[in-house]
Amino acid sequence: MYAQGLIGADGKTGESPEFLEAFQKRIDAEEKIEPNDAMPEGYRKTLIRQIGQHAHSEIVGMLPEGNWITRAPSLKRKAALLAKVQDEGGHGLYLYSAAETLGVSREQMTEELHSGKAKYSSIFNYPTLTWADIGIIGWLVDGAAIMNQIPLCRCSYGPYARAMIRVCKEESFHQRQGYEIVMTLAQGTPAQREMVQDALNRWWWPVLMMFGPHDSDSQHSDQNMAWKIKRFSNDALRQKFVDATVPQGEYLGLTFPDPELKWNEEKGGYDFGPIDWDEFWRVVKGGGVMNRDRIRDRKAAWENGAWVREAALAHAEKRRQRAAEAAPIAAE
Ligand code: FAQ
């Protein structure tokens, strides 16, 4: 069924206009679409694509921060970071489960991640060089994730929307723990201030890229907004994020690495400089500093965890057999 290309990539439909119109009416009436409902093939496929990529992002996203758990500067920081990274793993699992309700298996999705067919967020291909990067990831990367994911709580596909509610609550704790790390460093010694400013300089532009290409280059936006999978365009969310985040940085006396960043009274938002889309596409296509390491680490985790999956299956089979043997006795 999914023999060719990326799962969910083609979105070809062969449905009658009446069926598509009736489906659109349900969407327009804000009805939730549930797993057993009839849905256009394109809707199902684009959801598998987006939810699968989102799940992969959460799982790959554990790596840059996981790298700092053993080096966190105090027990309190270590406990919070450990909990955060575990939360990201949990988000990945809810999302894989949500995608599975659309008829794709976790193994298929994993295979596509490992082969490089399926994407994951560009942001996780940048290295975490100092402890300040952990604060900046919480503040900015989780901040951007929340901006994108709050509207997904109203996504038309029920299982995805419901998963997002808990994910967003947890992301909001992540964002606060990040901002608190950044605040401590920004109010610390000159060396700490310099470290956090350097981290902000390195992460700012890649974070703006997380929202995806400009609306004019976003191939999925129009259809996915009509289907109410997306509620806001990539550019609209990027603008909201900049407007919310710049005052938070300025409050701490930090500067943003963009000479064109300026409040625009007329539009009621910030103007900002051009994004380097060549860098974005290079990173998305595998050419970022950490792409190769990230996939190598995910593959190793999958292979090293094979015995756990086998043991769980053997245990489930043993329980099934015992239940089958006990059934005649229970029935007497
Ligand atoms: N990186 O037509 P559009 C997190 C691809 S979770 C890589 O605009 P769409 C939590 C896009 O897939 C972060 N690829 O696509 C955390 C498409 O390629 P395709 C992840 C990107 O779907 C925090 C092509 O470009 N969040 O951070 C990126 O309408 C801390 C054309 O783009 C989600 O996944 C990118 N940045 O809009 C974890 C949220 N942007 O599939 C650990 C759900 C675009 O045709 C630590 N996803 N592309 O081959 C979405 O909202 C959407 O999928 C967008 C893209 C907005 C990401």
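Tabulated results
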read-out	value
Condition met for Asp37 (surrounded by fewer than 17 Cβ atoms within 10 Å (Cβ to Cβ), at pLDDT 95 or above and either of a type in the set (Phe, Trp, Tyr) or closer than 30 Å to Thr110 by Cβ (or both))	yes
Tally of residues being open to solvent by 40 Å² or more (accessible area, probe 1.4 Å) and near the ligand (Cβ under 10 Å from one of its atoms) across the range 236-246	0
Output for the range 72-124, where each listed residue is closer than 15 Å to Gly138 by Cβ and of a type in the set (Lys, Arg)	Lys76, Arg77, Lys78, Lys84
Single residue of Gly135, Gly61 found to be near the ligand (Cβ under 8 Å from one of its atoms), open to solvent by less than 10 Å² (accessible area, probe 1.4 Å) and either within 12 Å of the chain's Cα centre (by Cα) or not hydrophobic (A, V, I, L, M, F, W, C) (or both)	Gly61
Residues satisfying the stated conditions in the range 312-323, i.e. open to solvent by 100 Å² or more (accessible area, probe 1.4 Å) and either among the hydrophobic types (A, V, I, L, M, F, W, C) or in contact with a Lys or Arg (Cβ under 6 Å, 6 or more places away or on another chain) (or both)	Leu313
Selection from the range 212-240 of residues that are without any contact (Cβ under 8 Å) to a residue 24 or more places away in the chain and farther than 24 Å from Asp276 by Cα	Met225
The lone exception for Arg202 - which of (1) more than 16 Å from Thr255 (Cα to Cα); (2) away from the ligand (no atom under 12 Å from the Cβ) it fails	(1)
Candidates Ala244, Ala226, Ala186, Ala191 - the one that is of a type outside the set (Phe, Trp, Tyr), under 29 Å from Asp28 (Cβ atoms) and out of contact with any Ser or Thr (no Cβ under 8 Å at 6 or more places or on another chain)	Ala226
Index of the failed condition, Thr189 passing every other in (1) over 14 Å from the mean Cα position of the chain (by Cα); (2) of a type in the set (Ser, Thr, Tyr); (3) surrounded by 15 or more Cβ atoms within 10 Å (Cβ to Cβ)	(3)
Residue in the range 209-230 that is open to solvent by less than 10 Å² (accessible area, probe 1.4 Å), of a type in the set (D, E, K, R), under 18 Å from the mean Cα position of the chain (by Cα) and within 12 Å of the ligand (Cβ to nearest atom) present	no
Helices (runs of 4 or more DSSP H) contained in the range 71-180 and holding at least 2 residues touching a Pro at 6+ places or on another chain (Cβ under 8 Å)	75-100, 131-136
Residues being within 16 Å of Ser221 (Cβ to Cβ), within 6 Å of the ligand (Cβ to nearest atom) and polar (S, T, N, Q) - total across the range 41-57	2
Among (1) surrounded by 18 or more Cβ atoms within 10 Å (Cβ to Cβ); (2) in a loop (DSSP other than H, G, I, E, B); (3) under 18 Å from the mean Cα position of the chain (by Cα), the one test that Leu254 misses	(3)
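For every residue, the table says whether it meets (1) acidic (Asp, Glu); (2) open to solvent by 100 Å² or more (accessible area, probe 1.4 Å); (3) assigned to a helix (DSSP H, G or I).
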| position | (1), (2), (3) |
| --- | --- |
| Lys267 | no, yes, no |
| Ile275 | no, no, no |
| Lys285 | no, yes, yes |
| Val289 | no, yes, no |
| Arg294 | no, no, yes |
| Glu303 | yes, yes, yes |
| Glu310 | yes, yes, yes |
| Ala326 | no, no, yes |
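The values are calculated or read from the model by the stated rules, or taken from the named source; none is laboratory data. Computed from a prediction, not measured in an experiment: that's the story for all the values here. When we count neighbours, we look across all protein chains shown, and the Cβ atoms used for this are built from the backbone with ideal geometry, even at glycine. Please note that ligands, DNA and RNA were not included when accessible areas were found on the heavy atoms of the full protein model with its side chains. Shrake-Rupley method; radii C 1.70, N 1.55, O 1.52, S 1.80 Å.
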